[in-house]
Structures are given as C-alpha cells and as structure tokens.
1. Relative contact order of the chain, please, whole-number percent, based on alpha carbon pairs below 8 angstrom and at least 6 residues apart.
2. Using only Cα atoms and rounding to the nearest 10 degrees, what angle (0 to 90) does helix 3-20 make with the longest principal axis of the chain?
3. Any chance you could run the full-extension gain for residue 86 through residue 17? It's 0.36 nm times the residue separation minus the Cα-Cα distance, nm to one decimal.
4. Among 36, 96, 24, which one shows the biggest mean-square fluctuation in a GNM of the chain, springs joining Cα atoms closer than 10 Å?
5. Any chance you could run the full-extension gain for residue 79 through residue 35? It's 0.36 nm times the residue separation minus the Cα-Cα distance, nm to one decimal.
6. Please give the helix 75-104 orientation as an angle from the longest Cα principal axis of the chain, in degrees from 0 to 90, rounded to the nearest 10.
7. In deg cm²/dmol, rounded to 500, what helix-only [θ] at 222 nm does the chain give when every DSSP H run of at least 4 residues adds -39500 (n - 2.57) and the total is split over its residues?
8. Considering the convex hull of the alpha carbon atoms of the chain, report its projected area averaged over all viewing directions, in nm², one decimal.
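Rule-based calculations on the coordinates, nothing more; no lab input. Predicted model, so just to flag it, every value in this text is computed and none were measured. Cβ sites come from the backbone with ideal geometry, for glycine too, and all protein chains shown count toward neighbours.
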C-alpha cells in the first residue's frame with residue numbers, strides 16, 4: 001500500500017475521532033413503546049383500546065436490562081439521542097475497518 005493511501009486512512013481516522021466528540025447527547029439502548037391494560041373491568045382497554053403508548057429506553061446496567069421511563073415531552077430528545085448512538089456505531093465500524101487495514105500494512109499505531 002502506498003504512503004498516500006496510509007496517510008488518507010490516518011486522516012480519515014482523525015476526522016472520525018473528531019466527529020465522535022460531537023455526540024455528547026447519545027443514548028445507548030433500545031426504544032420501547034408499551035401499551036397496557038388497567039384493572040378497571042369496564043375500561044375501554046379491556047375491549048381492544050389499550051392505554052398508551054408509554055415510552056421507555058431499555059439499557060444494560062451491570063449486566064441486567066433496566067427500562068427507564070421517557071416522558072412524552074422528552075420523546076424527540078430521546079429519539080435524537082438514539083440517532084447519535086446509531087451514528088457512533090457507524091463511526092466505530094468505519095474506524096475498525098481503517099485500523100484493520102493499517103494493521104495489515106504495518107502502519108497501525110494506538111494514539
């Protein structure tokens with residue numbers, strides 16, 4: 001591989017590392033919308049129209065899943081946080097690909 005190609009890979013890796021710092025609003029987890037039934041026998045929820053949706057973010061904490069309630073007013077913020085998470089995952093995949101290519105060429109360095 002040419003030095004120019006290696007330099008381009010290193011430059012792209014730096015750009016990706018800089019972009020990572022822009023995603024401070026990240027929320028890492030799974031979006032859950034829950035519909036429920038109450039205990040009132042004559043309620044509409046017992047006839048097909050369940051209560052909800054209620055929003056939760058399922059996250060792993062100490063090896064266990066925990067669901068955090070998200071207020072309806074915060075739904076859009078939570079969705080943006082999940083978008084940050086998806087972009088971070090893309091960045092990490094691209095950085096891994098670059099680093100593997102650099103390793104293969106003997107040009108990998110852990111900054």
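1. On the way: 104 pairs, mean separation 31.8, N = 111.
It comes to 29 percent, rounded to a whole number.
2. For 3-20 against the chain, the angle is about 30 degrees.
3. 23.3 nm
4. Sorting by GNM fluctuation, first place goes to 36.
5. Full extension from residue 79 to residue 35 adds 14.0 nm.
6. Roughly 30 degrees between the two axes.
7. Calculated from helices alone, the mean residue ellipticity at 222 nm is -15500 deg cm²/dmol.
8. Averaged projected hull area, Cα only: 10.6 nm².
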